[in-house]
Amino acid sequence: MASDIVSSGRVTLADGVPHVDGRHLFSVGVNYHPSPSGCDYWREWDGTRIDDDFRQMAASGVNTVRFFVFWADFEPEEGSYDPVMADRLRELAGIAGRHGLFCLPSLLTIWMNGQRFDPPWRDGRDLWRDPEMTERQRAFVDHIATVLRDAPNVLAYDLGDEVLHVDAASSAALGADEARAWWGTLAVAIREADPGALVLQANEASAVVGGHAFRPEHAHALDLVGLHGFPVWTPFHVESVTALKATSFVPYLVRRAAAHRPVYVDELGSYGCDETTAAGYLRAAAHSAFAAGAVGTAVWCWQDFTTERKPYALRPNERRVGLLAADGRAKPALAEYRSFARRVTGELAGFRPLPAPVGVFLPEHEPEEGGYLTPSGSDAPAGFYAHLLLQQAHLPYAFIGRNAELERHALVICPSARQLSLSDRRRLERYVTSGGVLLYSTGSLLDAAGDEELFGVRVRDFTLASDTHSGFAWAGVRFPLRWEPGPVPVIDTAGAEVLAAFADGSPALTRHRLGAGLAHYLNAPLEAQLNAPYRLEETDWHRLYAAVAETAGVLPPLTADHPAVETTVLGRGDERCGVVINHAPEPVHTTVRRQAVDGAPESTDHLSLEPKDVRLLFWHARTAAQDTGCRERPEEGWT
């Protein structure tokens, strides 16, 4: 089956989804270096070993291999390409094709596992601002795409994995226009050499949660965005690999970036845990990434390494994160990935996220020299914890890009906004006036203060007596607050209704009718305050989102009575699939309810879910006569 797909035609992108001959393609991949040679495999070529590895990959359900073109090997002298390396690259692509595997080559490979594999002739020259180096990069990606343009099984070209870390200081100093220009120059070169090729560039989580310019919102020149995020390296106080936050992190990155470009999770896996924990993590995170809309996943990595050379001499922990042990033994994670592959290329093929009634609006700002005028702190936690609260409230949502139409959403949430421009304020005002419902939580005293026209509140003063603003109660829940040192805003109403108040009597949560809509103002950076270990477990924070959503007439189509259980509904024509995932580190017994919507009847299922367990529930949206309720597909060995 995989061989037929590969030989039938090149991969194209339609409606943000890879296709082959009109069929949806979900890329189930692995990252690859041969175990004995590691990063030296182009110079220590062993085609027989590669053939054997690719045969095992295909037998495991993998349909894509991501590999790395080490620049120093292919261009050993400036402007001179090694023809032997080019032949080996064609051979590798041919071996992959014989086994039904697509290729995802990562070009300009210098950075790998925390160390540089630099072409010696680069001599420290800047990759982005040195014109000679820009030309050398353009010529190199042109060369590689020319070598591979006759290979029918190239899924996409990755411009360079985490290339920004080759010179972190230089890449951090680049503006958005410079990042766009670099992406654009290289993407054009590849498409000229290999017409119709798809192009991406892969970065770790800082592309979403960091401050550099290599962000999805700037990636207009690319067809896809490559992302990966390991739970041990986040700014969000993930308590363990088994924690709810851990398996929710990668799908958060997918949802954030999908507002701008289709997302390929080019590295998926975990560090710092045993094999059983890693298997559970992969099961939940892979399914949640798929449910979030990822177009492919590639596990890091295929096999543990026996080589002890660079980079493994310095970072020996990198030798032990394969799906296979060094001796070829299949680890538990491989069985999980095989089952995932069978599902997403079988019964889940073609299922995609449905239009979301809830939108999350995060203001996007270009770097500025604001000095003391720039609000202190970070914007990063707001989006992640909004994602977690919406997941726990089982509300279907999508992040909203700068140019998205807010009016498509019945409810818009603007979480812990630290800075809101005048154009953004007016945009939100138009949305509410037209009939939308807005929930806005303030993130700073001045830049995110409420507008009297939009919210019907005004700032009276600020206080350093945060104990007077230590919490509020609403919707039957007490919401305790922990303020960072600094001014705490004190507001008065100017036409808004007070829904909840602080201990000093000043409004905590208000609601203001404006035109045909409603604007809710929360005078606290609720989402940002959740960024602390175990803070998410202190109360039912998600109940606030659920109550406001009900005001907007938004009812979850599929719910569970346990907040750790994700319920995401996907669609394929009139078919629906509820992806039910237990993100908790312990077993959960839960009741899953489906609303009576789209002509389908209400239904109830009682599920016993093991830690990181996944279940699929299927029904038809408009043909209720064919379905008496949710039906659970066979477990296929899943627990």
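The values are calculated or read from the model by the stated rules, or taken from the named source; none is laboratory data. All values derive from a computational prediction rather than experimental measurement. Note that we place each Cβ from the backbone using ideal geometry, even for glycine, and neighbour counts take in every protein chain shown.
Considering every residue within the range 252-261, establish whether at least one is in a loop (DSSP other than H, G, I, E, B) and in contact with a Pro (Cβ under 6 Å, 6 or more places away or on another chain).
Within the range 252-261, one or more residues are in a loop (DSSP other than H, G, I, E, B) and in contact with a Pro (Cβ under 6 Å, 6 or more places away or on another chain).
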Query raised in the report: Out of GLU318, GLU336, which single residue is at pLDDT 95 or above and either over 25 Å from GLU162 (Cα atoms) or not in a loop (DSSP other than H, G, I, E, B) (or both)?
Result: GLU336
Report task. Kindly establish whether SER416 is touching a helix residue (DSSP H, G or I) at 6+ places or on another chain (Cβ under 9 Å), surrounded by fewer than 23 Cβ atoms within 10 Å (Cβ to Cβ) and touching a residue at least 24 places away in the same chain (Cβ under 8 Å). Result -> no
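Residues that are at pLDDT below 95: find the strands (runs of 3 or more DSSP E) completely inside the range 406-470 holding 2 or more of those. Break it down into steps so the answer makes sense when it comes.
Working: elements: 411-417, 437-442, 457-463.
Where strands (runs of 3 or more DSSP E) fall fully within the range 406-470 and carry at least 2 residues being at pLDDT below 95, they are 411-417, 457-463.
If you go through the range 601-616 one residue at a time, do you hit one that is at pLDDT below 95, outside the structural domain of HIS520 (by TED's automatic domain parsing) and assigned to a loop (DSSP other than H, G, I, E, B)? So that I can check it myself, show each step before the final result.
Filtering the range 601-616 for residues at pLDDT below 95 gives 601-605.
Next, only the ones that are outside the structural domain of HIS520 (by TED's automatic domain parsing) stay: 601-605.
Okay, now just the ones that are also assigned to a loop (DSSP other than H, G, I, E, B), so 601-602.
For the range 601-616, residues at pLDDT below 95, outside the structural domain of HIS520 (by TED's automatic domain parsing) and assigned to a loop (DSSP other than H, G, I, E, B): present.
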Query raised in the report: What is the number of the single condition among (1) in a loop (DSSP other than H, G, I, E, B); (2) aromatic (Phe, Trp, Tyr); (3) at pLDDT 95 or above that PHE384 does not meet?
Result: (1)
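For (1) touching an Asp or Glu at 6+ places or on another chain (Cβ under 7 Å); (2) buried (at least 19 other Cβ atoms within 10 Å of the Cβ); (3) more than 19 Å from THR551 (Cα to Cα); (4) not charged (D, E, K, R), each residue gets a yes or a no:
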position: ARG427; (1), (2), (3), (4): no, no, yes, no
position: THR468; (1), (2), (3), (4): yes, no, yes, yes
position: ARG478; (1), (2), (3), (4): no, no, yes, no
position: PRO485; (1), (2), (3), (4): no, no, yes, yes
position: PHE502; (1), (2), (3), (4): no, yes, yes, yes
position: LEU509; (1), (2), (3), (4): no, yes, no, yes
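Sort out for me the strands (runs of 3 or more DSSP E) sitting completely within the range 15-123 that have 1 or more residues that are in contact with a Pro (Cβ under 9 Å, 6 or more places away or on another chain) and surrounded by 20 or more Cβ atoms within 10 Å (Cβ to Cβ).
17-20, 27-31, 64-70
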Requested in this report: Quick one: HIS228 ticks every box in (1) over 30 Å from ARG98 (Cα atoms); (2) within 14 Å of the chain's Cα centre (by Cα) except a single one, so which number is it?
Outcome: (1)
Query raised in the report: When residues of the range 199-251 are filtered for being under 29 Å from LEU186 (Cβ atoms) and either β-branched (Val, Ile, Thr) or in a helix (DSSP H, G or I) (or both), how many remain?
Result: 13
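Kindly indicate which of ALA330, ALA325 is at pLDDT 95 or above, out of contact with any Leu (no Cβ under 9 Å at 6 or more places or on another chain) and in the same structural domain as ALA278 (by TED's automatic domain parsing).
On the way: ALA330 fails: out of contact with any Leu (no Cβ under 9 Å at 6 or more places or on another chain).
When all the criteria are applied, what remains is ALA325.
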